[in-house]
């Protein structure tokens, strides 16, 4: 597999990066994990959005899904043949309630919300804890398994597997056992670190750099990539925290970065 960072700025886009979004390529299969502010534009620098086999969402906070409305416009109104989104709706793997959430973001007014339906160009599949979903066709399929994590809304860490290799994406999460299970023996653990370690951080929301390293160590992950660092923090400082708790390789995500899994 190949992981391409579309954006990695935590809590919203920053001056140097879109918000959260990642492209995973496994042979001929292409999967996007989250689609935050600015990531659809970045996606087009790396692949044709029509080549996607699915989009998966860790949760439905705006910095992880805001560009979905733009993707709906792209798939409905792109004039270039032979594309016909209604003939092959794009699978969307997301927490329950994604369709009405995205319809509300797409609808031009409250009056039109009741008639806004996105199922002409998308098929929505509710993520369920521990149930693998197959993405792609033929020999290049990947499986995506959702693991519930701790966050102020329904949220999942996503475990992506292809031919014996494992990529785990934390999404947004506080410290929890579910994240360790999702990252168990992962070849690459893409993990959020949203603030420095300290007593003043709110409980049940995000990880510190040190906590990201601790979860990687507990899971037996082989490599850790720190992501989702807000623009007001230093990613290198959070990576240094992670290194103090995890003795494997630690890197930081940045827009356009590519990682082989």
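Coordinate-derived values only; no laboratory data. Keep in mind that this is a model prediction, so the values were computed, not measured.
P(r) tail, region 8-147: Cα-Cα pairs separated by more than 22 Å, 37% of all pairs. Comparing Cα centroids, region 194-261 and region 57-128 end up 31 angstrom apart.
Given the alternatives (i) 18.9; (ii) 18.2; (iii) 20.0, Kirkwood radius over Cα pairs in Å as computed for this entry is given by (ii).
Region 110-261: D in µm²/s via Stokes-Einstein (Kirkwood Rh, Cα pairs, 10 °C, 1.306 mPa s)? For the chosen part, D equals 97 µm²/s. Only helical runs count toward this figure. For the chain, summing -39,500 (n - 2.57) over DSSP H runs of n ≥ 4 and dividing by all residues gives -6000 deg cm²/dmol at 222 nm.
Between 0 and 90 degrees, rounded to the nearest ten: what's the tilt of helix 235-245 against the longest Cα principal axis of the chain? Approximately 50 degrees, to the nearest ten. For the pair residue 114 and residue 131 in one chain, pulling the backbone fully straight at 0.36 nm per residue adds 3.0 nm over the alpha carbon distance. You can think of it this way: the chain between residue 78 and residue 139 has 19.0 nm of extra reach, that is 0.36 nm per residue less the Cα-Cα gap.
With respect to the chain, whose longest principal axis is taken over its alpha-carbon atoms, helix 68-77 is tilted by about 30°. Once the Kirkwood radius over Cα pairs is known for region 173-243, the Stokes-Einstein relation at 4 °C and 1.567 mPa s delivers a diffusion coefficient of 110 µm²/s. Beta bridges from DSSP with both residues in the chain: antiparallel share about 55 percent, rounded to the nearest 5.
Only beta bridges with both residues in region 1-92 are counted; by DSSP, about 75 percent of them are antiparallel. Can you give me the angle between helix 209-219 and the longest principal axis of the chain, using Cα atoms only, in degrees from 0 to 90, rounded to the nearest 10? Here the helix axis deviates by roughly 90 degrees. Dividing the mean sequence gap of close Cα pairs (under 8 Å, 6+ apart) by how many residues region 25-159 holds gives a relative contact order of 26 percent. In percent, rounded to a whole number, the relative contact order of region 68-130 is 46, using alpha-carbon pairs under 8 Å and six or more apart.
Taking every C-alpha pair closer than 8 Å and separated by at least 6 residues, the mean separation divided by the residue count of the chain gives a relative contact order of 18 percent.
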